[in-house]
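The following block contains the structure, expressed as structure tokens.
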Amino acid sequence: MQLLSCSKKQMALGLLMAFCVNTFVHAEPFPIDSPELFKRTFLNRGDEDRKNKLLIILNKTNALGDLSKIILMPDWQYIEGNKRIADINGEVRTAVIQKFKTTSLQLLKEGQDDAKTDLAILIGETASANLVDETSESLDQIAQRSRFLRAELSALSPQLALLTKSKNQKVVIASVMALGKIESKSDLFAATISDLIEIKPANTLAIRRAAAESLKTRLSTVSQLLKQIRVVRERDNLDLVNDLLTTSKLCFPLGVRALKDKDFIVREQGTLACKQATSTLADVDYIIPIREAEMTMLERPDIIAQRTKSFKDGLAFELPLINSFRDNMRELTDHATNFEADIFVRVASLDVVEDLVVIRKKLIEFESILNKLDTLAGNAPNPNPKLITYDIIPDGNEFKEIVEDLIMVLSDSHLRIRLNGLEIIEGFLSMPDITARIINEKELFLFRKLASVATTDSNLMVKYAAVRAIGRSAPLKPEIAIPVLAKCLLDEDLDIRIEAAKALNKYGKEGAKAIPSLEKMIARGDSDSRIAMMNAAVSLGTDGSPTLNAVAKNLQSEEPKVRIKAAETLGKFGKLAEAQIPMLQKSLNDEDSNVRNAVSSALLKIRFGS
């Protein structure tokens, strides 16, 4: 009986094993998911019925995640050589986006909060994912395709904006983040962000952070597209430029407003948003079309007149944005001082102001070209031309407050803050009208502070930047600048000495007070330093003759270019250099023929004045 029992157990075990094996053998494989099936069909470019098959697969695909995967297939990015296939691809992709859009809109209206949250995240990621796709042969293709997708998804923006009023924080955050990634209408987007960054009970810290990040994302996305696009005069590209200008006009003040938030992350995202707006105008040439305006000079007068009007109309279109920059500049310099606790916000604020200085210089150059175009077109010249018509930098008390902020920045304990501040000041001093505002200030606080920094700051880079800024203002205020430059000629740092000599070169005879420093250093240091100082000695005219003995020592330099420069310098002083003739005569046997030629020429000038 025991044996029989064991046999039954064995039989039962055998039957179970057979069932399991049979189950594994006959198990059905998982079906191919829609995105994979779509991709395989898509890649079969030789199939005559390819379009219909793709549309059939699309008709059966209802999951939004699958539709998103199909939209973002890298294979769309390749440039087709066959126009028929390219047209089919375009039609099918548009159909996929349309279905994704329609299905999403329905779920945003009728779905549960969790579904709305997940979908808003998916919409945002779908809109922004292929911005960084580099599989295309042309960045223009990526930019245009990405822009098309974002523009199509903008149909969802009213519903997403409505969801930012939800009492569910997750829904609000996901919706506002998606709004920043699709091409929502500028006014709708700005109104939504304006409401969400306001400090009020309904706007939690997480919501304000999301709104500020969305603001930065919207501006950075447009900026990225503009930097990728190379073909300027296509209508879509011009629309994109206009979108940036309009969005920046509305959103730049919101970024500045975010600086008032108590949370440092909100403030950081706000300044980064401002930076995206300004850096695009500073970096992308065709927004302020200087090169295009220059090329227009080669056209016929009637074409010049037509294009000049177009340029002026474009400049007028930028006026609201310029006004927005000007109205908020003081707030940015205020947050650059130690009034602001977050060093990141302070640095970013100065970066934005530095961009504004660059933009102003570009506008000045652009308007100068427009004035020339007017003349070439036969138009009567403006009897009272302005350096700049639409000014970014405020005047009056606001400008004085900006200057006061920059004075504080120059005393800051953080190196990066001081360096950024000096970049802005140098930019100011490179523009004659702004230099006049600074120099005409009764107390000259900023200029005196700059002079002090050049000689007393603990960091060599800061001292160098300060000397360079002083050189920008030359030959103004020599009574302040020359003593500083004379001291900097003796500095231990080579670059500071060279920059001081270059600056001194611009003051002419006013620089005579620096002669003792020149005498001491003109035959010391490397070749660039010696040459810069000899140039400075020449700029003094006959007043520079006390340096000639030191100049003559450079005839013995190991560097041929220094020996040549020494001979040329002595020759320029003519008979004042007669005492140096013996040293010049010794150099007539110099091993370098160029040196010998320079010495011969110098001797002729000294002896005969020719």
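The values are calculated or read from the model by the stated rules, or taken from the named source; none is laboratory data. Since this is a predicted model, take the numbers as computed values, not measurements. Positions of Cβ are backbone-derived with ideal geometry, glycine not excepted, and every protein chain shown enters the neighbour counts. Note: accessible area is taken over every heavy atom of the protein model, side chains too, but ligands, DNA and RNA are not part of it. Shrake-Rupley method; radii C 1.70, N 1.55, O 1.52, S 1.80 Å.
Given a 1.4 angstrom probe, what's the average accessible area per residue across the range 64-124, in square angstrom?
With all protein chains present, the range 64-124 gives 47 Å² per residue.
Further, regarding this structure: Relative to the longest principal axis of the C-alpha atoms of the chain, give the angle of the C-alpha long axis of helix 83-110, reported between 0 and 90° and rounded to the nearest 10°.
Helix 83-110 sits roughly 70 degrees off the main axis of the chain.
Right, here's the next one. May I ask for the Rg/Rh ratio of the range 382-487, computed from Cα atoms with Rh as the Kirkwood radius, given to two decimals?
0.99
With a 10 Å radius around each residue's Cβ, average the other Cβ atoms per peptide and rank 532-545, 59-72, highest first.
In descending order of packing, they fall as 532-545, 59-72.
Once the cut-off is 25 Å, how many percent of the Cα-Cα pairs in the range 498-610 end up in the long-distance tail?
14
Sticking with this structure for a sec: Taking the alpha-carbon centroid of each part, what is the distance from the range 483-497 to the range 508-540 in angstrom?
11
Let me ask something additional. Between Asn338 and Leu105, what FRET efficiency comes out of the Förster formula 1/(1 + (r/R0)^6) with R0 = 51 Å and r the beta carbon distance, rounded to 0.05?
Approximately 0.55, to the nearest 0.05.
Per-residue counts of other Cβ atoms within 10 Å, averaged by peptide: what ranking do you get for 595-605, 352-362, 495-505, highest first?
Output ranking for 595-605, 352-362, 495-505: 495-505, 352-362, 595-605.
Give the peptides 210-220, 401-411 in descending order of average Cβ contacts within 10 Å, highest first.
210-220, 401-411
Related question: Give me the Debye-computed log₁₀ of I(q)/I(0) at q = 0.06, 0.07 Å⁻¹ for the chain, equal point scatterers on Cα only, no solvent, two decimals.
Here log10 of I(q) over I(0) equals -0.52, -0.65.
Still on this structure: For the range 326-478, what does the accessible surface come to per residue with a 1.4 Å probe? Please give it in Å².
Here the per-residue accessible area is 43 Å².
Consider just the alpha-carbon atoms of the range 483-540 and return their Rg together with their Dmax, both in angstrom.
9.4, 26
Tell me the Kirkwood radius of the range 313-455: reciprocal of the mean inverse pair distance over distinct alpha-carbon atoms, in Å.
Hydrodynamic radius (Kirkwood, Cα only) of the range 313-455 equals 16.3 Å.
Another one. How would you classify the range 365-409 from its alpha-carbon gyration tensor, with a ≥ b ≥ c the square roots of the eigenvalues: rounded for a/c under 1.5, else prolate if a/b is greater than b/c, otherwise oblate?
Verdict is prolate for the range 365-409.
May I ask for the Rg/Rh ratio of the range 434-582, computed from Cα atoms with Rh as the Kirkwood radius, given to two decimals?
1.01
Sort out for me the Cα centre separation of the range 103-119 from the range 168-214, rounded to whole Å.
When both Cα centres are located, 18 Å separates them.
Say each of Leu604 and Asp285 gets a label point 7 Å from the Cα, pointing the same way as Cα to Cβ; how far apart are those two points in nm?
4.4
Provide the gained length on full extension for the span Arg300 to Ile199, in nm with one decimal, where the gain is 0.36 nm per separating residue minus the Cα-Cα distance.
30.6 nm
Can you send over the carbon and sulfur percentage of the accessible area for the chain, probe radius 1.4 Å, protein chains only?
54
Please name which of Gln585, Ile564, Gly541 has its Cα lying farthest along the dipole of the range 541-610 towards the positive end, using unit charges on Cβ (Lys, Arg +1; Asp, Glu -1) and the Cα centre as origin.
Farthest towards the positive end: Gly541.
Continuing with this model, one more query. Put one equal scatterer on each alpha carbon of the range 319-381, apply the Debye formula with no solvent term, and list log10 I(q)/I(0) at q = 0.13, 0.17, 0.29 1/Å to two decimals.
The computed values of log10 I(q)/I(0) come out as -0.50, -0.67, -1.11.
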